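The values are calculated or read from the model by the stated rules, or taken from the named source; none is laboratory data. Predicted, not measured: the structure shown is a model, and the values here were computed from it. Using ideal geometry, Cβ is built from the backbone for each residue, glycine included, and neighbour counts are taken over all protein chains shown. The accessibility values were calculated without ligands, DNA or RNA, using every heavy atom of the protein model including side chains. Shrake-Rupley method; radii C 1.70, N 1.55, O 1.52, S 1.80 Å.
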Amino acid sequence: MYVYIYDNFLREKKYASVVKAMEISLTDYGIAGKILRLTNFTDAKPIVDDEIKRGAKTIVVVGNDATLGHVLSRTATADCTFGFLPVGDNNTVAQVLGIPIGAAACDVLSKRRKERLDVGWVNNRYFIGQLHVLPAKVEVVYDERFKVTSSGKMEVVICNLQPYFWKKDKRDPETRVVHPQDGKLEAFLRPLTGKRFWGYTYEDPSIFPFEEMEIRGEEPFAVEADGKITKEIKLKIKLAHSKIDMIVGRNRQF
């Protein structure tokens with residue numbers, strides 16, 4: 001039994017044609033199912049738990065990176081297989097998973113090629129795509145052996161499934177991309193070198209694969225994980241013991 005969790009933004013008129021094409025394709029493949037819709041205040045966990053009790057074996061997230069992170073970060077321990085139908089912009093994780101945007105994703109879903117994917121764990125909660133510490137005065141200790149500090153502010157990005165895109169500054173014409181690898185977390189540390197009217201300038205990032213990391217600040221710093229922003233004074237980050245069964249495409253990047 002398939003259950004489809006639609007993001008609320010799919011109600012917009014501009015997505016009507018692709019959603020309809022997906023639903024027709026799913027019916028043709030014989031994998032149409034129950035449709036549920038998220039709102040900005042929906043907690044996905046009780047919804048998914050309830051559907052699994054009712055017999056759901058496959059939970060399919062329909063939306064973008066933020067949708068996938070919102071659902072999976074709350075349901076990472078669920079006893080089911082997850083699928084993903086990416087729609088619209090902001091879909092960098094889909095490329096890593098080898099899933100095309102739009103109705104073509106239904107073909108990947110129908111083939112049910114599965115992989116067990118890593119889940120990040122930060123301060124007793126999960127994250128799926130990426131964790132971003134906005135520029136702040138912090139120190140980083142990884143694998144309890146090495147400490148990284150900066151004389152000024154530093155940006156830290158921890159990648160799980162979501163790629164890391166970066167530029168030297170906002171006027172830099174070249175966008176660099178680093179794709180995360182399966183089986184570990186990777187940290188990208190960028191000390192700030194200055195601030196201009198167009199934004200910050202940075203050093204090139206240093207890349208640290210790790211198993212466990214702490215980020216500490218003398219004052220609370222802003223952290224974004226799967227679209228949720230909080231203020232923290234200390235973070236403990238590692239791979240979770242749990243893994244997610246995910247339907248992926250043949251062209252996945254791991």
Restricting to segment 56-79, what's the tally of residues that are open to solvent by 30 Å² or more (accessible area, probe 1.4 Å) and either among the aliphatic types (A, V, I, L, M) or over 16 Å from Ile244 (Cβ atoms) (or both)?
1
Go through the residues of segment 174-183 one by one and say whether even a single one is under 17 Å from Leu239 (Cα atoms), acidic (Asp, Glu) and at pLDDT 85 or above.
no
Matching residues, segment 20-46, being buried (at least 18 other Cβ atoms within 10 Å of the Cβ), of a type in the set (A, V, I, L, M) and either modelled with pLDDT of 95 or more or within 18 Å of Ile247 (Cα to Cα) (or both):
Met22, Leu26, Ile31
Tell me, which residue of segment 80-106 that is part of a helix (DSSP H, G or I) and free of Cβ contacts under 8 Å to residues at least 60 places away in the same chain is surrounded by the fewest Cβ atoms within 10 Å (Cβ to Cβ)?
Ala104
Segment 209-218, subset modelled with pLDDT under 95 and in contact with a strand residue (DSSP E or B) (Cβ under 8 Å, 6 or more places away or on another chain), residue most open to solvent (accessible area, probe 1.4 Å)
Glu211
Name the single residue that is farthest from Leu117 (Cα to Cα) among those in segment 51-77 being at pLDDT below 95 and not in a helix (DSSP H, G or I).
Thr77
What residue, among those in segment 105-162 that are in contact with a Phe, Trp or Tyr (Cβ under 9 Å, 6 or more places away or on another chain) and of a type in the set (D, E, K, R), is modelled with the lowest pLDDT?
Asp143
For Trp121, which of the numbered conditions (1) open to solvent by less than 40 Å² (accessible area, probe 1.4 Å); (2) under 29 Å from Arg190 (Cβ atoms) fails to hold?
(1)
Could you check Thr149 against (1) open to solvent by 60 Å² or more (accessible area, probe 1.4 Å); (2) in contact (Cβ under 8 Å) with a residue 40 or more places away in the chain and say which number it fails?
(2)
Does at least one position in segment 132-144 carry a residue that is more than 24 Å from His241 (Cβ to Cβ), touching a residue at least 12 places away in the same chain (Cβ under 8 Å), in a strand (DSSP E or B) and open to solvent by 40 Å² or more (accessible area, probe 1.4 Å)?
yes
